[in-house]
Amino acid sequence: MNYFGSRLKQLRESQMLSASKLSKQSNLSQPFIHRIESGEKQPTLETLKKLAQGLGISLGELLGEEQVSEPESPRIARIINNIRKLPVEQAEALDLLVTSLANGHAAGGNPLTLQAINLNHSDQAGFEIELTFSANVAAIMEHRIPDGTKRNMAGFHLFDDRMKEVLIDVIPGNKRILGQKAERTLIVRPRTRLIEGGVYKLKISKLLQANNYKYLKENHTIMFNTDEIIDITPFNEKLCTPYLSLSLDNCNIASGGENVPVNTDIKLTFTNNVITNAVRDHNRRCISLESSKKQPVEIDVIMAKPHDNSKKKREIIIHPRYGLQSNTVYVLTISESLQGDNKKLLGTDMVITFTTGNANMENGEQDGVSIA
């Protein structure tokens, strides 16, 4: 009976691997693997090692109940000899470290990932950055990774645009929030008030470790101001898109609004800076106002100064130069090419339709609406 050949085929198929795929992963030819599975060829110890590596399992798992004793390498022998010389407490600490590293490798390397970023403004806590990861990084069990949570909290550093460090507190999510994401969340709170519009960098160590022994793998840098994420390294489109895309956040006139006063200015608020020198002239040409009969309305497009770092950098005011007619339908169009300072475009034409009220309207009474 060809026990090993049948076992190899069973293991390969249980992992949904083709012989071709196993061939690439084990550096053995596909016909050779077929010959082993059919019993035509008996594998050597070196072949067994390659097959185990290709399947991602140990040699013992590959052979089932059979065990192969391998000669101890000089390096392993030297490590064991040095461990025997350590005091008991140091040997125990080393045992925890080796277990952590081994389990982390067996779990698939370093797949801990950053999954969500929220910039929070609170009257009580002030400005905070809430970071949610793919596994428990905020309530690590001490018997698994001693001082794991404490070391994770020390893996965050905040710098201003001159690379001067800003003192922060790192708060485990389970101290602040409830629910499934609490243990996966760490909250970074600057101890001092951040300058509105200032650019900051939050650096996260690649040694950030989860309760399942997995690591973050790469150092992360989040560039931000108090309103938005500017960039993330390594780049993560999923995390960046909500911040780096440009959209209309608010308008003081709702589309479909009625009884709008004839002397009203229209205030547009966007999600990003739209007034810098690089984009302001272009953006002025991206906004038009006309009646429903396509009669253009002369407007002034008003912006704050280009270097204004207040919330006004996201605002554009539309002022009808000669006022609006009463009882008239108007259409405000914002072109899809409107651009933010971060080079992102609005992407879709935004149309806001509204109707003015009677200039002499009293007690909520209004004449019939005209279509100019």
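The values are calculated or read from the model by the stated rules, or taken from the named source; none is laboratory data. Given the structure is predicted, the values throughout are model-derived calculations rather than measurements. Glycine gets a Cβ as well: all are built from the backbone with ideal geometry, and neighbour counts include every protein chain shown.
Descriptive notes on the structure:
- Residue in the stretch 28-37 that is exposed (fewer than 12 other Cβ atoms within 10 Å of the Cβ), without any contact (Cβ under 8 Å) to a residue 24 or more places away in the chain and either in a loop (DSSP other than H, G, I, E, B) or among the β-branched types (Val, Ile, Thr) (or both) present: yes
- Residues that are in a loop (DSSP other than H, G, I, E, B) and basic (Lys, Arg), drawn from the stretch 297-326: LYS305, ARG321
- Residue match in the stretch 318-325 (condition: at pLDDT below 95, more than 32 Å from the chain's Cα centre (by Cα) and crowded, with 16+ Cβ neighbours inside 10 Å): yes
- Test for VAL166: is it modelled with pLDDT of 95 or more and more than 24 Å from THR113 (Cβ to Cβ): yes
- Filtered residues of the stretch 8-23 (kept if in a helix (DSSP H, G or I), within 15 Å of ALA52 (Cβ to Cβ) and under 35 Å from the mean Cα position of the chain (by Cα)): SER14, LEU22
- Residues of the stretch 321-346 classified as free of Cβ contacts under 8 Å to residues at least 40 places away in the same chain and at negative phi, total: 3
- Selection status of ASP265, closer than 30 Å to ALA135 by Cα and not hydrophobic (A, V, I, L, M, F, W, C): no
- Test: GLU298 is of a type in the set (D, E, K, R) and surrounded by 14 or more Cβ atoms within 10 Å (Cβ to Cβ): no
- With respect to the conditions (1) surrounded by 14 or more Cβ atoms within 10 Å (Cβ to Cβ); (2) hydroxyl-bearing (Ser, Thr, Tyr); (3) closer than 24 Å to ILE229 by Cα, THR353 lacks only one, and its number is (3).
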